[in-house]
1. Starting from segment 82-100, take each residue that is over 20 Å from Thr387 (Cβ atoms) and list its partners that are hydrophobic (A, V, I, L, M, F, W, C), counting only C-beta distances under 6 angstrom and pairs at least six apart or across chains.
2. Name the residue that is surrounded by the most Cβ atoms within 10 Å (Cβ to Cβ), counting only residues in segment 352-370 that are of a type in the set (A, V, I, L, M, F, W, C) and closer than 14 Å to Ser49 by Cα.
3. Here is a check on your reading of the model: is Ile87 farther than 20 Å from Gly244 by Cα, in contact with a Ser or Thr (Cβ under 8 Å, 6 or more places away or on another chain) and surrounded by fewer than 24 Cβ atoms within 10 Å (Cβ to Cβ)?
4. If I ask for residues that are closer than 22 Å to Arg240 by Cα and crowded, with 19+ Cβ neighbours inside 10 Å, which ones from segment 96-114 would you list?
5. Checking the structure you have, find out if any residue of segment 279-288 is within 19 Å of Thr60 (Cβ to Cβ), surrounded by 15 or more Cβ atoms within 10 Å (Cβ to Cβ), over 18 Å from the mean Cα position of the chain (by Cα) and among the polar types (S, T, N, Q).
6. With respect to the numbered conditions (1) under 28 Å from Leu243 (Cα atoms); (2) of a type in the set (A, V, I, L, M, F, W, C); (3) modelled with pLDDT of 95 or more, which one is the sole condition not fulfilled by Ala380?
7. Please work out if Gly18 is on the phi > 0 side of the Ramachandran plot, touching a helix residue (DSSP H, G or I) at 6+ places or on another chain (Cβ under 7 Å), of a type in the set (Gly, Ala, Ser) and modelled with pLDDT under 95.
8. Check off (1) part of a helix (DSSP H, G or I); (2) surrounded by fewer than 22 Cβ atoms within 10 Å (Cβ to Cβ); (3) modelled with pLDDT of 95 or more for Ala236 and give me the number that stays unchecked.
Amino acid sequence: MQESITKVRPSWGRRLAGIEGLRGIAAISVLLYHLGLGASYQVLIGPVSILLTLLDQGLTLFFVLSGFLLFRPFVTTLMEDKALPSIRRYARNRLLRIYPAYVVIFVVTGLIFAAAFIKGSTHGLGPDNIGRITDPVQILANLALVQMLIPSFVMTGLPVSWSLTAEVSFYIILALIAIWSARLIRRGASKTAVLFGFPVGMIALGVGVTLWGYKATLGLSPAAAGDFAFGQNWTAVLLRSVLGQADLFGYGMIAAVVVAKLHDRDVHRVSTGSKIVLLLAAGLVELTGFTLLRPLLSNMSGIAAALILLAVVLPSSRHGNANRAAKVLEWLPFRFTGLISYSIYLWHLPILLWLISHDMLFGSNARSMPLNGLLVLAIALPLSTLTYYLVERPAMKLKKPTGRPAKGGPGVPGGISSAEVASFERSGSMSSPVGISGAKPADSREFLEETR
C-alpha cells in the first residue's frame with residue numbers, strides 16, 4: 001500500500017464526493033428491507049430473504065457515515081494542535097439537522113394521519129397498534145426522542161426513531177471524546193494512540209453488547225427473541241441504545257482517523273489498486289459475516305461499510321479529484337436521493353404502515369414486492385422532496401460554522417471558559433456537547449456542508 005501512494009500538497013478541506021450517494025443507497029436499502037419485513041412478509045422465507053438480509057445493513061451504513069463525518073473534523077483539529085470549536089454552535093447545528101424534519105413528520109404521521117406505532121413494533125401490524133398517539137406523556141417522550149430510554153415506550157411513534165435516540169446520544173459522547181482527547185494530547189499522550197483508542201473502545205463495547213444479546217437469546221423462540229431486542233423492556237433499551245450500536249460509529253471513526261492521518265502526511269493520491277483491495281476486503285468481510293458469523297453480521301457489515309467508505313473518499317490525483325466510485329455516486333439520481341435521504345428514512349415506514357392499515361398494497365408475496373416498492377416510493381419521494389426543501393434545507397441554512405480562533409491556546413476548546421476546562425479536568429467529564437470544525441478556519445463552511 002505504501003508504494004502505491006504518492007505524496008503531494010493536500011487540499012482535503014473540500015466536500016468529499018460520493019457521500020450523498022452512499023446516503024441515498026443506505027436510505028433505499030432500509031426502505032426495501034422494511035418493505036419485505038412489513039408489506040411482503042412471505043419473501044422472508046424465500047430466496048429474496050438473502051437479499052433482504054443484506055439490505056438490512058442500510059442503517060449500519062448510516063451509523064458508520066455519522067461516525068466518519070462527525071469525528072473527522074475533530075481529528076483534524078487535534079492532529080494540527082488547533083482549538084476545538086464552540087460547544088453552543090455544535091449543539092445548535094446538530095439540533096437543526098435532526099429535529100425540525102423529525103418533529104414535522106412525527107406530528108403529521110403520529111398525530112394527524114394515524115400511521116405510528118402505538119404500543120411498539122412487537123405488537124403487530126393490526127389496527128390496535130397502528131394509529132394515532134394520544135397519550136400526552138408518550139407524545140412528549142417521542143418529541144424529545146427519549147422514548148427509547150423508557151421501557152414502556154420502546155419502539156413507539158415513528159418506527160425508525162429508535163436510531164435517532166442512539167444518534168443523538170452519539171453526538172454527546174463524541175463531544176466528550178473530543179474534549180477528553182484534547183486533554184490527553186495536551187498532557188503529552190500520543191495523538192495516534194488517543195485518536196485510535198477511543199474508537200477501538202467503542203468497537204469493543206458494541207461487539208460486547210451484541211455478543212451478550214446473542215448469548216442471552218440462545219434457546220428462545222423467535223417471538224421471545226424479538227421481544228428481547230425490541231419489546232417494552234430494559235434489554236431492548238440497551239440493545240437499541242448507542243451502547244449496543246457503538247461499534248458501528250467506531251468503524252466510521254477509525255476511517256476518519258485514517259483519512260486525517262493521510263492528510264497530515266500530505267498524501268493526496270491513492271492508487272486504484274489500493275481501492276480495489278479495500279472493496280475486495282469489504283466483500284470478504286461481508287461474506288464472512290453472512291456465512292460464518294451471522295450473530296455478528298451487523299458488526300461485520302460495519303467493517304465492510306468503513307472499507308467501502310475509504311475506497312470512495314480517498315482521492316485519485318494530486319488535485320484531490322474524486323475517484324471512479326465517487327464519480328458514480330455523484331450521479332444526479334444517487335446524489336439527489338442522498339440529499340433527501342433523511343426524509344426518506346423518516347417517511348417510508350409510516351407510509352407503509354398507513355398502506356397496510358388501509359389494505360392498499362398489491363399483496364404480500366415476492367411477486368407483489370416490486371409493485372409495493374413502487375407504490376411506497378411514489379409517495380415517499382415527493383413527500384421527502386417537499387420536507388427537504390421546506391423544512392430540512394431552511395433549517396440547515398441556520399447552521400453556523402463552528403470553527404473560530406482559539407482563546408485558550410492549542411488543544412483548548414474555543415468558547416469554553418477556563419473554569420469549565422478546569423472543572424472538566426477535575427471531574428473527567430463535561431455535560432455539554434462540543435463543536436466540530438475543519439482543518440483550517442477557512443474550511444469550516446465546507447465541513448459544515450459535509451456533516452449536514
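1. Qualifying pairs under 6 Å: Ala83/Ala406; Ala83/Val412; Leu84/Ala178; Leu84/Ala182; Leu84/Val434; Ile87/Val434; Tyr90/Val434; Tyr90/Ile436.
2. Here is the first cut: in segment 352-370, the ones of a type in the set (A, V, I, L, M, F, W, C) are 352-356, 360-362, 366, 369.
Checking the rest, the ones that are also closer than 14 Å to Ser49 by Cα come to 366, 369.
On the way: Ala366: 16, Met369: 22.
Step by step, filter segment 352-370, then rank; the result is Met369.
3. Numbers: farther than 20 Å from Gly244 by Cα: yes; in contact with a Ser or Thr (Cβ under 8 Å, 6 or more places away or on another chain): yes; surrounded by fewer than 24 Cβ atoms within 10 Å (Cβ to Cβ): yes.
It is true that Ile87 is farther than 20 Å from Gly244 by Cα, in contact with a Ser or Thr (Cβ under 8 Å, 6 or more places away or on another chain) and surrounded by fewer than 24 Cβ atoms within 10 Å (Cβ to Cβ).
4. We begin by selecting, within segment 96-114, every residue closer than 22 Å to Arg240 by Cα; these are 97-99, 101-103, 105-106, 110.
Correct list: Arg97, Ala101, Tyr102, Ile105, Phe106, Gly110.
5. Yes - at least one qualifying residue is present in segment 279-288.
6. (1) is the only condition that Ala380 fails.
7. Details: on the phi > 0 side of the Ramachandran plot: yes; touching a helix residue (DSSP H, G or I) at 6+ places or on another chain (Cβ under 7 Å): yes; of a type in the set (Gly, Ala, Ser): yes; modelled with pLDDT under 95: yes.
Answer is yes for this residue.
8. The single condition Ala236 does not satisfy is (2).
The values are calculated or read from the model by the stated rules, or taken from the named source; none is laboratory data. On a predicted model such as this, the values are computed, not experimentally measured, just so you know. Note: ideal-geometry Cβ built from the backbone for every residue, glycine included; neighbour counts use all protein chains shown. Accessible surface is based on the protein model in full, side chains and every heavy atom, while ligands, DNA and RNA are left aside. Shrake-Rupley method; radii C 1.70, N 1.55, O 1.52, S 1.80 Å.
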